[in-house]
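Below: the structure, in structure tokens.
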Amino acid sequence: MFISLKLPIVEKVPLLKLKLSRDFSTRVKFTKRVAAVADAFGLGLDEERRFIVYKDFELEVFPGDVIFVTGESGSGKSILLRELARALSEDRSFGRVLEAGSIEIDPNEVLIHGVGRDVSDAIEKLSMAGLNEAALFIRRYKELSDGQRYRYRIARLLDSDAGVWVLDEFASTLDRDTAKVVAYLLQKVARKRGKTVLVATTHDDVLYDLNPTLLIRKKFGEVGAEIKRLSCSPRTCSLISSTYIARGDMNDYKALERFHYLSRRPGYVTDVFKAVYNGDVVGVIVYTMCSSVVSGRFTALPWLKRLYVSDRRGYYDFLGREFRRIARVVVAPKFRGIGLGVRLVRETLPRVGVKYVETLAVMARYNPFFEHAGMRRVSENPPLYQEASKWFAERGFDLSMMASKRYNLSVLRRMDEGRRREVYDYLVKVFGYFKSRKKVMRLLIEGGPDLDLMAEALKMRPLPTVYLIWERGQDVKNTNRAVNL
């Protein structure tokens, strides 16, 4: 085997110039069957055979390049990929090289524990990899689909300190739509973090979505490869280009509701829109009437609070006529992370026919897709959340554990009767408005401080939401920018 590398010193531009050659020689071991083949076809057994993978192969690589190596099976793509990775590992400007397939993952690893410095960092990285579904955060690796496992490896790459990500046989086992989505996600997060990516696969249908800066088509023998440096301007995922938005109904929402973390269906629905790909509903957005009083609304529009105080009837008339709320945005798992949620919001906001649209969202703390769609972030953690969080914490509750009925019951059982009554009174006062929709609150109010019902009701603690608002005609200079970074 012969390999030559030329690594010039470049002071101003961090550039790696490579000249690679690779061949190997073989001599077959003598056996009776080998001898029979040699005799039949006139092959020499004592001759050493030399196979050239590539010869005097030259290219230039910059940190941050997305390099796509493709070609027929057996042409030497994997060998070339490994040599490129080895060469980059010897240049400090590229950082540490990490092969995605070498990342060890325990099948029982829970996603929220596998990445990130803390919960917020973990959710951000999982969301960037297209795993932005609350139920997925607490799922084990072995419970994921093949496409989700690929996305999780991207999240693990994000969580590493590696400067170069290497992926051989990239997405070869995935269906081709999922492969395109994963390719899009990979290049998007890599470019956002300034990483260099090396990808090899026989499937060149991911070329558009991978959007590489360097394309290498590996050929057989010493002919080597065709190398092209490409302009890679931001673009949307190819699946988005084949998706359209249309009016829908609650049947469309029902088709996807299992993918939303809230099991209760929204009430007072006014408008439903769907995203359709190849005849299938892959996304849905639901608009409803608004709640009567929301603190973020008064922060965004102080004059509206004055109207509320001075003319309650006029306030409610205006609210019903000119306000709507985004109650649900659901995207099918395969289409997560490619900007479909942004498109659903951005394209439907003007079609609802009101002046203002608002939303209260937990995920908006970690994924700013509402803002990318043109909504304005106003406030975070409403007063009720802050008040309730402080109140429960002072009485011994771990807020991060209150989603568990078993945990709530254990805390209540340790309390004396007076403290339990205090918790009951607070639940009735703060959560009483749920009685029309939550059977547990109705039973609790009617029957008194039953521990089992109290433990269940405590799961309905206020969530740390973000309030956002859209106003027709507002400055939306960022709403039409490409979702790709």
Summing -39500 (n - 2.57) over the DSSP H runs of n ≥ 4 in the chain and dividing by its residue number, what mean residue ellipticity at 222 nm do you reach, to the nearest 500 deg cm²/dmol? -10500 deg cm²/dmol
Please report, ordered by residue number, every helix of the chain (full DSSP H runs) that is 24 Å or longer along its axis going by C-alpha atoms and whose mean Kyte-Doolittle hydropathy reaches -1.0. 176-193
Local electrostatic count, HIS260, Cβ distance below 14 Å [Lys/Arg +1, Asp/Glu -1]: +3
For each of HIS203, HIS260, count neighbouring Cβ atoms within 10 Å of the residue's Cβ, then give the residues from fewest to most. HIS203, HIS260
With a Förster distance of 25 angstrom and the Cβ-Cβ distance between GLU58 and ARG86, calculated FRET efficiency to the nearest 0.05 equals 0.95
Ranked by Cβ crowding within 10 angstrom, fewest neighbours first, how are THR359, THR213 ordered? THR213, THR359
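We did not get these values from a lab; they are worked out from the coordinates using the rules stated. In this text, all values refer to a predicted model and were calculated from it rather than measured experimentally. Counting neighbours? That spans all protein chains shown, and the Cβs are built from the backbone with ideal geometry, glycine included.
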